[in-house]
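Below is one structure, written out as structure tokens, with a few remarks after it.
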2 protein chains.
Amino acid sequence: MLPPVCILGLGLIGGSLMRDLSARGERVYGYNRSRSATRAAQKEGFGVSSDLAETLARASGDNALLVVAVPMDAVAEVFDAVAEHAPHCGITDVVSVKKPVYDLVRARGLEGQYVGGHPMSGTENSGWGASQEGLFHRAAWAVTYDWADELDAAGTTVPESWSELFTQVCALAALTGAEAVPVSVGRHDEAVARVSHLPHVIAEALAIVGDHGGTLAQSLAAGSFKGATRVAGTDPSLVRNMCETNAEALVPVLDEYLTLLTRTRDSLSGDNPSIQSLAEAGNRAYVRMGARSGARRESVSPVKISSRPVMRVHPGGPGWVKQLKQIEALGGRVEVF
Amino acid sequence: MLPPVCILGLGLIGGSLMRDLSARGERVYGYNRSRSATRAAQKEGFGVSSDLAETLARASGDNALLVVAVPMDAVAEVFDAVAEHAPHCGITDVVSVKKPVYDLVRARGLEGQYVGGHPMSGTENSGWGASQEGLFHRAAWAVTYDWADELDAAGTTVPESWSELFTQVCALAALTGAEAVPVSVGRHDEAVARVSHLPHVIAEALAIVGDHGGTLAQSLAAGSFKGATRVAGTDPSLVRNMCETNAEALVPVLDEYLTLLTRTRDSLSGDNPSIQSLAEAGNRAYVRMGARSGARRESVSPVKISSRPVMRVHPGGPGWVKQLKQIEALGGRVEVF
């Protein structure tokens, strides 16, 4: 179902994707700026080059699916190279913000050959050396469809080439064991501000406050601290890339969080310190959030059943864009056929 | 080295301690208020009763070491029962705040037979059903020594009965595989406000903000969110017990955290959104905090070497209380002999 896949940027995400596709027997090759990482990947037998123009020329000849997997601050440059060297290839990406990427797509008139993506998986480590097979197993893989939605709203039929590209991106996600979750770029960025970028900001701030406690706090830190600060191990430049480019969505979410904590601070500092309201609401929210994460706990089958509702969709078929909107409203996943 | 151990309260911590001591062949029995948990423990062959007075009478006859393992809001009642039914037993505890417990100890004139404790380990689950062998392996086990410090500062010799009790509490921790970290109640409460209670508050607030993102946010939540919210799964009444009774130490720490985040919010909302300062300081703090947690990563020996500095101390020996103060300043651990 997939054409050859050309991955541009082989860090944690791009590298792990290359490993998965290769393990599944798909044709995959790619580009990486760092020559040392390129050599490391070549030694493992992967088709990797540090020459972007050459890699894109090959992709153009292959009619490959391009996966942009560089940090946000390098995306514009890569798009420019794509427009020059592989102007007819379908493009997807794995960048953790979607509106800023889509703005760059629009500015270059590439909407007709772009379907955005974002696998919700990672570790605190980065670079090819941290990449691993199976990283995306059971993860949500956000797949954007704004252009199709705009056309559909205007009563225009979505071109077959675009629905074919959408199918390819969903198939790519499925090959890694991930679940394709359709979402508009705006709703994506607001949701990940809550569940990914805010946790990164929190982790950095908590690490600092813990460290202010000196060697004793270091010595006493245990599971709750380690769990909440793990992602502060992420390369700061990657955290900046995510949070700064999504500032528009992140600031209101941070305000919501600060309001909650300020109220908690006040109810803790009175004569009868209380965090009843926070603790009870937080525990209820935790239970709700857990109900939708990955496989159901109560499943006794060796085949774990996803707890995300599923809808089977035929891209290009009647009403398919409206079906995507319905799934999005449920936070569900799509299976293409 | 240990007398019989009598554990009062068999939730996650008390229950896990009972399992560890029993597995090591120590004499251990206990009390639990909940009859269903008592029956469950009895079925597994543990000597557990729901009659507090009877249990304490047995402990008194045995000259057992009492371990108070009930939530903070039940400690006063248990101390009163101890004063009535087992007035000569040595007492320790595993409660997550130390000054409020010590205030209750002082109010009853029990300082001479009390050494506080707090194992820095747990899960988001509670009750006997969640208890497990090995929970404290490699964890820090805070051991308080304020009374000895006061006597020492006043030039008074610490009674042998108290240094013997200190030895027993360190031996108890060592039997579970934990590392005894000496600490005053005030410094303990300030440090755990940073590395345990703040993470709990954060987890609750983050769970709420994530949940406000609805089903889509639920669906996209991944590792960073799950890691940072895990402890919001804790029974809210236990979170309240910890945070509300440690409000005096927690509020200033929360203020420090809020100041950091408010500054970050402001630098993110400008024309050139930046979190450079937070991301870089956070990452450095993360690295420092990691340097002191548990076994060294680079160790190739199958016997993992603790990264906490160790000092061997003979309780009751010359200068031993000053040695504890030195270890405390390093966040180190003590081995008693």
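As a size descriptor, the averaged projected area of the C-alpha convex hull of region A:173-231 was calculated at 5.5 nm². How far is it, in nm, from the label point at B:Ala76 to the one at B:Ser277 when both lie 7 Å from their Cα along the line to the Cβ? Spacing of the two 7 Å Cα→Cβ label points: 4.4 nm.
Ligands, DNA and RNA left out, the 1.4 Å accessible surface of region A:203-248 is 54% carbon and sulfur atoms. Over all directions, the projected convex hull of the C-alpha atoms in chain B averages 19.9 nm² in area. For region B:1-108, the calculated P(r), taken from all Cα-Cα distances in 10 Å bins from zero up to the bin holding the longest distance, is 15, 52, 30, 3 percent. Taking a straight Cα-Cα cut-off under 29 Å and skipping sequence neighbours fewer than 8 places away in the same chain, the lysines within cross-link reach of A:Lys322 are A:Lys98, A:Lys99, A:Lys304. So what does log10 I(q)/I(0) come out to for region A:180-337 at q = 0.10, 0.16, 0.18 Å⁻¹, using the Debye formula with one equal point on every Cα and no solvent? The computed values of log10 I(q)/I(0) come out as -0.55, -1.18, -1.31.
Remark: mean inter-chain Cβ contacts per residue of A:239-252 equal 4, using a 10 Å Cβ-Cβ cutoff to other protein chain atoms.
Shown here: region A:36-89, whose C-alpha atoms stretch 31, 27, 15 Å along the first, second and third principal axes, sorted largest to smallest. Each residue, B:Gln326 and B:His137, gets one label point 7 Å from its Cα in the Cβ direction; the gap between the two is 3.3 nm. Proximity of backbone amide H atoms, modeled 1.01 Å from N, is registered between B:Tyr31 and B:Ile7, B:Leu8, B:Gly9, B:Ser49 at under 5 Å, excluding neighbours fewer than 5 places apart on the same chain. Just so you know, the Cα atoms of region B:127-248 work out to an Rg and Dmax of 19.4, 65 Å. Whole-percent P(r), the protein assembly as shown, all Cα pairs, 20 Å bins from 0: 18, 44, 27, 10, 1. Bridge orientation summary for the protein assembly as shown: considering DSSP beta bridges with both residues in this region, about 15 percent are antiparallel.
Computed over region A:45-187, the P(r) curve from all C-alpha pair distances, binned at 10 Å from the origin, holds 11, 40, 39, 9, 1 percent per bin.
With a simple spin-label model that places each label point 7 Å from the Cα along the Cα-to-Cβ direction, the separation between B:Ala130 and A:Thr259 comes to 3.1 nm. Here is how far apart the A:Ala154 label points are across copies: 8.6 nm, shortest first, using a point 7 Å from Cα toward Cβ.
Accessible area per residue of region A:1-104 at 1.4 Å probe, in Å²?
Working: 4190 Å² over 104 residues.
Accessible area per residue, region A:1-104: 40 Å².
The values are calculated or read from the model by the stated rules, or taken from the named source; none is laboratory data. All values reported here derive from a predicted model rather than from experimental measurement. Cβ: placed from backbone, ideal geometry, glycine included. Neighbour counts: every protein chain shown. These area figures cover heavy atoms from the full protein model, side chains too; ligands, DNA and RNA do not enter into them. Shrake-Rupley method; radii C 1.70, N 1.55, O 1.52, S 1.80 Å.
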